[in-house]
Amino acid sequence: MPLELKVKDRKVKIEVLKQEGCIYHVLIDGKAYSLDVLQVESSVYSILHNGTSINLEMIEDNHPNHYKVNTRNDQFKVEVIDPSTRYNVASRNNAKSSDREIISPMPGRIVRIMVSVGSFINEGDTALVVSAMKMESEFKAPISGIVRKINVAEGDTVDGGITLVEIDPQE
């Protein structure tokens, strides 16, 4: 699944097709690249492409999924647009029966389930974690209530659009 970034004022889609050690085969806005990526320090990376090396430092900004990126010649901001966040915002804006369900917006693998059938969950609490493209996303309860049904198990692979958890609202 492609990852969407906002770099400066431009949206960029990146998809990791394959990883072989430090070599990443990626699509960036539909164009194929092979990048040799080496993490030099905790926030410093060296990227080699076609004989050209770029060193960059990624520093977390004050907001989740926001980074300041420094290179030798430039400094800019990058926002990682999390598909689950985009989905949750859209589903809240469309408030229909899905406000009682947690639905996977993308294919992925269930990493952890933090609730059980019959347990109470508060709105905003994490119900489960899904891994997609080597990125883990927490899926939070859209409402407070009792977990009525869990349709997946840890380790399951799911498609996008699948109802993962159903919640009965608190009376």
> What are the GluC sites (Glu not before Pro) within region 121-154 that DSSP puts in a loop, where the Cβ has at most 15 other Cβ atoms within 10 Å?
Replying inline: Glu123, Glu154
> Which residues' amide hydrogens lie under 5 Å from the amide hydrogen of Ile103, considering only partners 5 or more residues apart or on another chain, with H built in the peptide plane?
Replying inline: Leu164
> Between the helical axis of 83-93 and the dominant principal axis of the chain, each derived from Cα atoms, what acute angle in degrees is found, rounded to the nearest 10?
Replying inline: 40
>> Compute a Gaussian network model of the chain, connecting alpha carbons closer than 10 Å, and tell me which residue from Asp125, Asp36, Asp74 fluctuates the most.
In response: Asp74
>> Just to be sure I follow: if Rg is taken over the C-alpha atoms of the chain and Rh is the Kirkwood radius over the same atoms, what is Rg/Rh?
In response: 1.04
> Hey, in the GNM for the chain with a 10 angstrom Cα cutoff, which one of Asn62, Asn122, Asn70 fluctuates hardest?
Replying inline: Asn62
> Hey, got a sec? Which trypsin sites (Lys or Arg not before Pro) in region 1-33 land in a DSSP loop and have at most 14 other Cβ atoms within 10 Å?
Replying inline: Lys8
> For the chain, modelled as a Gaussian network with Cα springs under 10 Å, which listed residue fluctuates most, Pro107, Pro64, Pro142?
Replying inline: Pro64
> Where in region 123-171 are there trypsin sites (Lys or Arg not before Pro) that are in a DSSP coil and have at most 16 other Cβ atoms within 10 angstrom of their Cβ?
Replying inline: Lys134
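Each value in this text was obtained by applying a stated rule to the coordinates, not by laboratory testing. These numbers come from a predicted model, not from an experiment. All Cβ positions, even for glycine, are placed from backbone atoms using ideal geometry, and neighbour counts span all protein chains on display.
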